[in-house]
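Contents: one structure, followed by commentary.
The values are calculated or read from the model by the stated rules, or taken from the named source; none is laboratory data. None of the values given here were measured: they were computed from a predicted structure. Glycine also receives a Cβ, built like all others from the backbone with ideal geometry; neighbour counts cover every protein chain displayed.
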Amino acid sequence: MLNIRTDLAVEVSENYKKINKKEIDGIILEEKELENIKITSIRVLNEEGSKKLGKPIGNYITLDISENTVYDSELMEEVALVGGQILRKLIGTDEEKTALVVGLGNWKVTPDSLGPKVMEKIMITRHLKNLMPDQFDEEINSVCAIAPGVLGITGIETFEIIKGIVQKIKPSVVICVDSLASRKVERINKTIQISDTGISPGAGVKNNRMKINEENLGVKVIAIGVPTVVDASTIVNDSMDLIIDELLNQTEKGSIFYKELIELDKEEKNRLIKELLEPYLGQLMVTPKEVDLVIDGFSKIISKSINIGIQPNLDVEEINKFMN
């Protein structure tokens, strides 16, 4: 496993290939380009791939989208439809489902509020199907949702809350939505990751909690996340890489200085930057200034994707009527 601070499987794969000049053994990586979306699918096949990627065996689908998406309703609709189609495949449509949607995160901290905001826009039907069964046919799946908060607010581990609910209502699938951390500045607020392996809340910011996955809950867990923060030391490191590359372009090949730049160990440089900055910055995470608007836009995209994915017997117009 590579020691880079990110929740995105695609970034670990990219970094491995950059260092080792080859793809990770034990995974299948496929890319597909749409007009406004790049879809990268990583399937971890075995323990070898899992160990090198640092992710459980399963599927990881990444949608890289335009930075203008959250400002354009048509682009938002396009991304939501693609996300909904992916979720339908991961969830399965062979039987009537009961879905529990979990909005992870802290609604008091904007970059971490994606989960709770998504939960507010989910098409909730479980109570209506129980109270008015004659008006809701079997084609409409039962859906409930919760935003359990964070340990610092509730004093209860998120996993404990979800486990109790799962034991009580026995859903067919749990869908967790959370904010993530990225290794690359250019992916902040421009990427959606969907996986069928569950989630480790806070892993990207080194605040690991009990894993929310099928092994621990006894039910399929789908995780959806958007990277909203990046480690400050990563920004410094990437800036230095740009400076080094520019110096290489301007330095005479074969000179002593050129050789020193070529032989510079970038992994060692990254470690040194972290050691120097941590006493001053701690574990500082950075988010763009327009994060409020972006979180609102992504909450609409992801909630619609979930509604489409959970309700395969409803068309988009019917779902839009509910959301409007």
### Message
Residues that are more than 20 Å from Thr110 (Cβ to Cβ), free of Cβ contacts under 8 Å to residues at least 40 places away in the same chain and of a type in the set (Ser, Thr, Tyr): does region 186-201 have at least one?
### Response
yes
### Query
Just to be sure, is Lys190 surrounded by fewer than 18 Cβ atoms within 10 Å (Cβ to Cβ) and of a type in the set (Lys, Arg)?
no
### Task
Name every residue in region 275-324 that is within 18 Å of Ala80 (Cβ to Cβ), among the acidic types (Asp, Glu), without any contact (Cβ under 8 Å) to a residue 60 or more places away in the chain and assigned to a helix (DSSP H, G or I), in order of residue number.
Glu317, Glu318
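Each row is one residue, and each column tells you yes or no for (1) closer than 23 Å to Leu180 by Cα; (2) under 29 Å from the mean Cα position of the chain (by Cα); (3) surrounded by 12 or more Cβ atoms within 10 Å (Cβ to Cβ); (4) modelled with pLDDT of 80 or more.
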{"site": "Thr234", "(1), (2), (3), (4)": "yes, yes, yes, no"}
{"site": "Asn237", "(1), (2), (3), (4)": "yes, yes, yes, no"}
{"site": "Leu242", "(1), (2), (3), (4)": "no, yes, no, yes"}
{"site": "Glu246", "(1), (2), (3), (4)": "no, no, no, yes"}
{"site": "Asn249", "(1), (2), (3), (4)": "no, no, no, yes"}
{"site": "Glu268", "(1), (2), (3), (4)": "no, yes, no, no"}
{"site": "Arg271", "(1), (2), (3), (4)": "yes, yes, yes, no"}
{"site": "Glu275", "(1), (2), (3), (4)": "no, yes, no, no"}
{"site": "Leu284", "(1), (2), (3), (4)": "yes, yes, yes, no"}
### Task
Grab the strands (runs of 3 or more DSSP E) fully contained in region 1-114, keeping just those with 1 or more residues being free of Cβ contacts under 8 Å to residues at least 60 places away in the same chain and in the same structural domain as Val143 (by TED's automatic domain parsing).
27-33, 37-44
### Residue selected from region 217-231 under the condition closer than 22 Å to Lys97 by Cβ and not small (Gly, Ala, Ser), by the criterion surrounded by the fewest Cβ atoms within 10 Å (Cβ to Cβ)
Val219
